[in-house]
Amino acid sequence: MIQVKDNVYWLGLKDWDLRRFHGHELSTHRGSTYNTYLIKDEKTILVDTVWTPYKEDFLELLEQQVGISNIDGIVINHMEPDHGGSLEAIMEIIPDVPIYCSRKGVDTIKGHFHKEWNFVPVKTGDRINIGKSDLIFVEMTMIHWPDSMMTYVTGSNVLLSNDAFGEHYCSQSIFEDESDACEVYQEALKYFANILAPFTPLIKKKIAEVKQLGLPIDVIAPSHGVIWRKDPMRIVEKYALWADNYHEGFVTIVYDTMYNATKKMAEAIAKGIEGKGIPCRIYNSSVTDVSDIITAMFCSKGILLGSCTVNNGYLRSLSGIVDELKGHKLKEKIGAAFGSYGWSGEAPKQLYEGLKDAGIKVEIEPFSVRYVPTQADLQKCERFGEEFAEKM
Ligand code: FEO
């Protein structure tokens, strides 16, 4: 158990080995942590649990460090199994303790465990006294589940923010100021881009709402990754920035290719864009981690998708990218599509439609080259890139 501040302690598990999360959906190159917190006041309150596969380890830790029967109440900020997954195992030992959660949390907890426990539903602004401190709850509906909420501890001024302000990151320390800041911010941005980007309008409103509550915040302690205790509002400011049609001004070109014709097109298009002073990143989607591509697209001002045509469509690896773009609802991005073909040539047009369906602004027609591009074709690709750059 590590003291976070005053009566708030970290009691989590580090998962150095984790490389895929949300099933296999999300890459986690630097592992993750399942942060749970203990508030030791007149009452002892556990905030969140750990992912289901680690419930035995967690029970052992909890028993050693706290004594499970000493727990007076459990806050479940969010029931996704990486936080709520060990709840049932704990409730088997202390079946009558109150579970504080949002109204939607009652529904999600019941949906997972099908048990009638002692639920105490709470809403934004509700507070419960646990001795010297109060716990104040702030609903975070759809950031990123219906049940999500945060818990604020008065006195120590610690905000237990659950998924918000977290990142999948495991380091030697649980504190941001003792970790590699570059790695931490990279992972926080990746987390935001991959998990929270679809909810940016809600995040903007929520940041304003939390500021209006006027709660002094000394520490932000999320449920994954590092705890922000040195200038904790820096990550809040980052969230405000990332939630506001964020881009870093570059172009991301994502392509797949069978015999390198579309690859040559991608490189020539990039040359045209870069000639206009706009940097490009190029990814072959068949060999690149999709979560990393999503992060790059989130940070881009422009997104180009390219594929040769096969079986009247685009290559399989682009399907995942188009679907992710639709789901992530990225705002204020400009897009275009391209690809080589032999006879039917549907892929660029379908990618163009996919970009439009995803809400990407597509202002130039898809661009195709038949079979292997000639020097003249490559010059046309460059001009296509220049035209795209001018649209930006
Ligand atoms: Fe929404 Fe960390 O789970």
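Key figures
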item	result
Those residues of segment 109-127 which are closer than 16 Å to Met150 by Cα and either part of a strand (DSSP E or B) or not acidic (Asp, Glu) (or both), in sequence order	Val120, Pro121, Val122, Lys123, Thr124, Gly125, Arg127
Residue within segment 375-390 that is assigned to a loop (DSSP other than H, G, I, E, B) and of a type outside the set (Asp, Glu) present	no
Residue tally, condition within 22 Å of Cys101 (Cα to Cα), of a type in the set (Asp, Glu) and in contact with a strand residue (DSSP E or B) (Cβ under 6 Å, 6 or more places away or on another chain), over segment 140-187	1
Flag if Ser286 is of a type in the set (S, T, N, Q), within 26 Å of the chain's Cα centre (by Cα), surrounded by fewer than 23 Cβ atoms within 10 Å (Cβ to Cβ) and in a helix (DSSP H, G or I)	no
Count of residues meeting criterion [in a helix (DSSP H, G or I) and either touching a residue at least 40 places away in the same chain (Cβ under 8 Å) or within 16 Å of the ligand (Cβ to nearest atom) (or both)] in segment 227-246	5
Segment 166-191: number of residues that are surrounded by 24 or more Cβ atoms within 10 Å (Cβ to Cβ), farther than 26 Å from Phe119 by Cβ and within 16 Å of the ligand (Cβ to nearest atom)	7
Output for segment 211-223, where each listed residue is over 15 Å from Arg234 (Cα atoms) and touching a residue at least 12 places away in the same chain (Cβ under 8 Å)	Leu213, Leu215, Ser223
Some residue of segment 259-273 being β-branched (Val, Ile, Thr) and surrounded by fewer than 23 Cβ atoms within 10 Å (Cβ to Cβ)	no
Ser27 touching a residue at least 24 places away in the same chain (Cβ under 8 Å), farther than 24 Å from Met149 by Cβ and touching a Lys or Arg at 6+ places or on another chain (Cβ under 7 Å)	yes
Subset of segment 131-141 [more than 11 Å from the ligand (Cβ to nearest atom) and either in contact with an Asp or Glu (Cβ under 7 Å, 6 or more places away or on another chain) or touching a residue at least 40 places away in the same chain (Cβ under 8 Å) (or both)]	Gly131, Lys132, Ser133, Leu135, Ile136, Phe137, Val138, Thr141
Checklist (1) touching a Phe, Trp or Tyr at 6+ places or on another chain (Cβ under 8 Å); (2) over 26 Å from Leu160 (Cα atoms) applied to Glu248, failing item	(1)
Considering residues of segment 202-226 that are closer than 18 Å to Thr154 by Cβ and within 16 Å of the ligand (Cβ to nearest atom) only, the residue surrounded by the fewest Cβ atoms within 10 Å (Cβ to Cβ)	Ile220
Residue within segment 75-85 that is away from the ligand (no atom under 14 Å from the Cβ) and in contact (Cβ under 8 Å) with a residue 60 or more places away in the chain present	yes
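This table checks each residue for (1) at pLDDT 95 or above; (2) under 30 Å from the mean Cα position of the chain (by Cα); (3) under 24 Å from Gly214 (Cβ atoms).
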position: Met91; (1), (2), (3): yes, yes, no
position: Tyr100; (1), (2), (3): yes, yes, yes
position: Phe113; (1), (2), (3): yes, yes, no
position: Phe119; (1), (2), (3): yes, yes, no
position: Gly131; (1), (2), (3): yes, no, yes
position: Ile136; (1), (2), (3): yes, yes, yes
position: His144; (1), (2), (3): no, yes, no
position: Met149; (1), (2), (3): yes, yes, yes
position: Val153; (1), (2), (3): yes, yes, yes
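Residue-by-condition table, conditions (1) closer than 21 Å to Glu274 by Cβ; (2) surrounded by fewer than 21 Cβ atoms within 10 Å (Cβ to Cβ):
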| position | (1), (2) |
| --- | --- |
| Cys299 | yes, yes |
| Asn311 | no, yes |
| Ser319 | no, yes |
| Lys331 | no, yes |
| Ala336 | yes, no |
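The values are calculated or read from the model by the stated rules, or taken from the named source; none is laboratory data. Predicted model, so just to flag it, every value in this text is computed and none were measured. With ideal geometry, Cβ positions are generated from the backbone for all residues, glycine too; neighbour counts draw on all protein chains shown.
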